[in-house]
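A.B. asks: Have a look at this one before I ask anything.
The values are calculated or read from the model by the stated rules, or taken from the named source; none is laboratory data. Bear in mind the structure is a predicted one, so any value in this text is a computation, not a measurement.
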Amino acid sequence: MECRECKMEIPDDSEFCPFCGDKVKFICNFCSTELEPNFLYCKKCGKKINDKEDSEKEKKKKKIYRCPHCNTEIKPESVFCKICGKKIND
């Protein structure tokens with residue numbers, strides 16, 4: 001797996017990153033819920049943990065909309081950006 005802080009590849013059973021010392025957080029690839037290290041399935045969405053192939057398919061299905069002015073993620077129906085306040089279609 002990859003350390004979320006320094007992006008180095010670390011062993012799957014790590015509790016701390018051996019490169020930067022950051023505490024490893026186990027995050028569901030589908031719904032971003034923080035999980036215990038020994039979980040095999042997400043407690044929120046029920047998806048299998050570390051199923052990267054399926055999570056990549058999910059990410060490709062879900063289109064992410066961004067503000068053209070500040071690049072903040074926005075909802076598809078947004079008219080104004082919640083961060084910069086500018087109109088989306090300007």
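A.B. asks: Is it the case that PRO68 is at pLDDT 90 or above and either outside the structural domain of PHE26 (by TED's automatic domain parsing) or assigned to a loop (DSSP other than H, G, I, E, B) (or both)?
C.D. replies: Judged against the criteria, PRO68 is a match.
A.B. asks: Quick check on this structure: which one of ASN38, ASN50 is modelled with pLDDT under 75 and either assigned to a loop (DSSP other than H, G, I, E, B) or small (Gly, Ala, Ser) (or both)?
C.D. replies: ASN50 is the lone residue from the list that is modelled with pLDDT under 75 and either assigned to a loop (DSSP other than H, G, I, E, B) or small (Gly, Ala, Ser) (or both).
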